[in-house]
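Chemist: There's a structure below that I have some questions on.
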Amino acid sequence: MDELLQALAQGFLVGSTYGLLALGMGLIYSVSGLVNFAHGDFFSLGMYLCFALFSAFALDPYVSLVITLPAMMLIGAGVYQFLIRPIAGHHLLMVIQLTLGLALLVQNGILMVFGGQFERTPSIVESKLVLLGPVVVRMPHVIACLASFGIAAALYVLLRSTDWGRAIRSVHQNAKAAALMGIDVGRVRMLTFAAGLGLLAIAAALIVPGTPMHPSLGLRYTVITLIVMVLGGMTNFVGIMLAGLVIGISEALGTIYLSDMLGMLMPYLIFVVIMLLRPQGLLKAA
Amino acid sequence: MLEVHGLTAGYGGNPVLEDVRIEIGRGKLVGLLGANNAGKSTFINCLSGVVPASSGRILFEGEDITRLSPKSRVERGIIQVPEGRLVFPDMSVRENLLLGGVNATARPRRAERIDYVLDLLPRLKERIGQAAGTLSGGEQQMLAIGRGLVAEPRLLMLDEPSLGLAPRFVQYVFEIIDKLHADGLTVLLVEQNLNLTLRHSDYCYVLERGRVVVEGVSAHVKDDPRTKSAYLGL
Ligand SMILES: Nc1ncnc2c1ncn2[C@@H]1O[C@H](COP(=O)(O)OP(=O)(O)OP(=O)(O)O)[C@@H](O)[C@H]1O
Ligand SMILES: [Mg+2]
């Protein structure tokens, strides 16, 4: 029983960060119709930036966010403006190829600079444990979970009830009509791409304490993120957070009750089963 | 108020408009007629700046706006109500109206403009919280016009507002347009509906394969034999 509760708690906490990763991807998809296959590698980049700042200045990952967040947003704006925008409107396959190419570029860049060994970035809170009844969880996971839900809620309100959010949604629903409202469609797309990478910087700082990093893990993060986004209904942010929890919990349960190997496969299995039953995603797309 | 000189435009090297010259005086209701594919939508998209002009000049209140972005034109009060309405389907009627006034010029008085639009188009008031995609075609056209009006247009350009509507709604749309015109708004009305447009407008242009073939006071355009031939494609 305790074991089950432990797995559920662990899965819930990790799942919320999967949700956060997928929110970034969903945001970009919703305004540009672009699935960013480099998402996981940019996330890796965010983690390695934390690592570099720790190695050089002994900055705690939470603190290094003041540098990594603007840095990642700037990278996002640049990538959109100089790489994605020029081929926007071309065949979908070209855009997919471009983001796949970016994934390889980022991955190999990291490999070149940091080498192929596993690295860790510690934080002062890393070894702190939190007791919730019979369940023991690590402090960074609790922080990550609270922050993920906080950011998801803030994003939800921003998109629902501000002009900025309405502009983003209008570009998603009809780009031409948005332009006729006087909205600068190209600028909105660039800013949301930057915001998507900004979310990755935040996710990286939240996940990095105690999580081993390796240049090759980017693709795995991309796939998990993609699964969560599709399961959540692509652009439905409530659905995406829920899907993150489903995937996180299924992974944790699989790891405890089956084996490490099978646990890692659980999310994919769950994904296939849910997509067979509800191809439109967990909740109806908003 | 608006002068267009020698406007040429097209898509990927295929010219659609050739040497179009049009003038719209302040407070006038000007009709732009033409058969399918004559280039009417291309023309007002050029005026909105979403289709680039390859040559020619567009002057708005004396200012050359030919190279301005769509955003700058909206801020100057050049507002298009597009063909096919293009409401934001997953947003409520209120959110659609809010987006109409999202540009920097209209933003400060947006709340009053929305009240004005809801008084003018009471049907929208009943549907205010409903997703725009669930409205009937006629209601969506009301919304598209209302959204355009929230933007505080100085020149309102309507692209086939009667397209696909039940006769009752066509009637209603033209009543609204007359009312706006009577209140002093400058309107460019793009239509295929020959007789209705001629009856309601001050001045008309007839476009055929990207060229203006007839122009004049609406009563004269009606009697010009070239108008019929432009329509029948003879
Ligand atoms: N986005 C586009 N890309 C390429 N060609 C286009 C595009 N839009 C219109 N055209 C072409 O330009 C020509 C004029 O089209 P336009 O839509 O301006 O005509 P229209 O007079 O508005 O017709 P309708 O009454 O059917 O709305 C047509 O031959 C059309 O196929
Ligand atoms: Mg048209």
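Chemist: Looking at B:49, B:34, which is the one that is within 14 Å of chain A (Cβ to nearest Cβ), within 16 Å of ligand 1 (Cβ to nearest atom), closer than 29 Å to residue B:193 by Cβ and crowded, with 21+ Cβ neighbours inside 10 Å? Before the answer, list the steps.
Modeler: Numbers: B:34 fails: within 14 Å of chain A (Cβ to nearest Cβ).
None of the others qualify; the one that does is B:49.
Chemist: Out of B:198, B:189, B:180, report the one residue that is within 30 Å of residue B:143 (Cα to Cα), free of Cβ contacts under 8 Å to residues at least 60 places away in the same chain and either more than 16 Å from ligand 1 (Cβ to nearest atom) or part of a strand (DSSP E or B) (or both). Give the derivation first.
Modeler: Values: B:198 fails: free of Cβ contacts under 8 Å to residues at least 60 places away in the same chain; B:189 fails: free of Cβ contacts under 8 Å to residues at least 60 places away in the same chain.
None of the other options fit; the residue is B:180.
Chemist: Being within 13 Å of another protein chain (Cβ to nearest Cβ) and either touching a Gly at 6+ places or on another chain (Cβ under 7 Å) or within 18 Å of residue B:138 (Cβ to Cβ) (or both) is the filter here, so list the residues in the stretch B:106-120 that pass it.
Modeler: B:107, B:110
Chemist: Is it the case that residue B:129 is without any contact (Cβ under 8 Å) to a residue 60 or more places away in the chain, more than 9 Å from every other protein chain (Cβ to nearest Cβ) and under 24 Å from residue B:188 (Cβ atoms)? Reasoning before the result, please.
Modeler: Working: without any contact (Cβ under 8 Å) to a residue 60 or more places away in the chain: yes; more than 9 Å from every other protein chain (Cβ to nearest Cβ): yes; under 24 Å from residue B:188 (Cβ atoms): no.
No.
Chemist: Let me ask something else. Step by step: first the residues of the stretch B:201-214, then only those that are of a type outside the set (Val, Ile, Thr) and within 16 Å of ligand 1 (Cβ to nearest atom), then the one that is farthest from residue B:17 (Cα to Cα). Which residue is that? Step through it out loud before you land on a result.
Modeler: Residues of the stretch B:201-214 that are of a type outside the set (Val, Ile, Thr), as a first pass: B:201-205, B:207-211.
Right, trim to within 16 Å of ligand 1 (Cβ to nearest atom) and you get B:204-205, B:207-211.
Values: B:204: 17, B:205: 14, B:207: 9, B:208: 9, B:209: 7, B:210: 4, B:211: 6 Å.
This residue is B:204.
Chemist: Follow-up. (1) of a type in the set (Val, Ile, Thr); (2) part of a helix (DSSP H, G or I); (3) within 14 Å of another protein chain (Cβ to nearest Cβ): which one isn't true of residue A:238, the others all being true?
Modeler: Residue A:238 satisfies every listed condition except (3).
Chemist: Scan (1) surrounded by 13 or more Cβ atoms within 10 Å (Cβ to Cβ); (2) within 14 Å of another protein chain (Cβ to nearest Cβ); (3) free of Cβ contacts under 8 Å to residues at least 12 places away in the same chain for the single condition residue A:161 breaks and write down its number.
Modeler: Condition (1) is where residue A:161 drops out.
Chemist: Which of the residues belonging to the stretch B:147-172 are outside any loop (DSSP other than H, G, I, E, B), surrounded by 18 or more Cβ atoms within 10 Å (Cβ to Cβ), more than 16 Å from ligand 2 (Cβ to nearest atom) and not basic (Lys, Arg)? If you could, list the steps in order and put the result at the bottom.
Modeler: In the first step, residues of the stretch B:147-172 are kept if they are outside any loop (DSSP other than H, G, I, E, B); the result is B:147-150, B:155-159, B:167-172.
Pick out the ones that are also surrounded by 18 or more Cβ atoms within 10 Å (Cβ to Cβ) and you get B:147-150, B:155-159, B:169-170, B:172.
Cutting the leftovers down to more than 16 Å from ligand 2 (Cβ to nearest atom) gives us B:147-150, B:155-156, B:169-170, B:172.
B:148, B:149, B:150, B:155, B:156, B:169, B:170, B:172, listed by residue number.
Chemist: Scan the stretch B:1-16 residue by residue and report those that are near ligand 1 (Cβ under 10 Å from one of its atoms) and either in contact with a Leu (Cβ under 6 Å, 6 or more places away or on another chain) or under 19 Å from residue B:60 (Cα atoms) (or both).
Modeler: B:9
Throughout, read-outs are computed from the coordinates displayed, never taken from laboratory work. Being a predicted model, the structure only gives us computed values, none of them experimental. Here the Cβ is made from the backbone with ideal geometry for all residues, glycine too, and neighbour counts use every protein chain on show.
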